[in-house]
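See below for the structure under consideration.
The values are calculated or read from the model by the stated rules, or taken from the named source; none is laboratory data. Bear in mind that the values here come from a model prediction, so they are computed numbers and not experimental data. Cβ: placed from backbone, ideal geometry, glycine included. Neighbour counts: every protein chain shown. For accessibility, only protein heavy atoms count, side chains too; no ligands or nucleic acids. Shrake-Rupley method; radii C 1.70, N 1.55, O 1.52, S 1.80 Å.
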Amino acid sequence: MATGEGGDELKLSVSDDVDNDEENNADIDGGSSTTDGKMRKRQRIMNLLRRIFRRDRRRGQLRSSTSSLQKQQQEEESDRLTEMIPLFVDDAPIEDGEDVNDDDATTTNKATTATRNNTNTTIDDSTTISFSTRQATSSPTTDLSGTWTPIATPEFKAEYDAYLKNCSQSFLFRKVVVNGIEYQKEEIRQLDDGERLEIIAMNPAGNWNRTLVASDADNPVNTTIVDPDKDTVDVEAWWEEDGTKHRSILRGKKSVNGGEFVTVRYLDEEEKDVLVCESTFLPPDGPSSAFQYGRVVWKFRRC
């Protein structure tokens, strides 16, 4: 099946689901005028969104082989789908601690025994990371622990959309993810003097739990984890700038053909209750028709 045909089938199927859902549940929701009705409707919409994520990933919608005309047609059709699904129904926020009851959307922490890697790491065609300032522990005055929510400005949303596009994500996927930023949350526990960073990324589609293990230049360590797409990947991490910034590099993700994701986390110098997260995507073998260099700077506020 061609990718364009798969994209059309996805949109028609989900559109039918939305139409049927509205017709079958209008009386139950009471027009979504009550809190219970809104929560029930939101739960069903979450199920539809998860279906979009899963099918979109399986069918490789809007891959680089798709023609420009096909992409334009798919983007126009997906606009209708986005309008039909009122993302995260108004006035029905997700309750703290609420989990999504969907086995296919649940991701558990798969960290295993770390393996050794004694090579330097190339960041781009001209820059190699120096391990001279690399260390396994944080500064005594630096603690990234806390529960953090994104500061989602319109400017940031535009930058994040461009970043995802450079990672070759489809228009439909970007629409859903970018419009759901406000409903994300990140919980961090900094342990063992910063040697371990436990991170739980929470969003309506499920939670992503992982533990990053920092190491110094003499004994670099890779940790194997499973990402939200259920790809097995390796992550190498360390502290730099006297233990005030935490850097991690994710490698081995199949869908980006060996591209790397570099993340630097640190506290804002002026606002200690603001966490800065610099995310960089390094495409395999440099820029191409499928992948481009991408960079976006997240800012999170402590809850």
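Summary of computed values
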quantity: Å² per residue, accessible surface of the stretch 210-303 at 1.4 Å; calculated: 43
quantity: Interchain or long-range residues, amide H under 5 Å from E195's placed H; calculated: S138
quantity: Length gained when the stretch Y293-D216 is fully extended (0.36 nm per residue, less Cα-Cα span); calculated: 25.0 nm
quantity: In range of the label at N257: residues from the stretch 288-303 whose backbone nitrogen is under 12 Å from the point 7 Å along Cα→Cβ; calculated: 288-292
quantity: Whole-Hz couplings from phi, Karplus 6.51/-1.76/1.60, listed for the stretch 249-256; x for Gly and Pro; calculated: 10, 9, 10, x, 7, 5, 5, 10
quantity: S215 accessible area, 1.4 Å probe, all protein chains in place, Å² to nearest 10; calculated: 10
quantity: Modelled FRET efficiency - R0 35 Å, S139 with D231, Cβ distances, 0.05 increments; calculated: 0.60
quantity: Rg and Dmax of the stretch 138-246, Cα atoms only, in Å; calculated: 15.7, 44
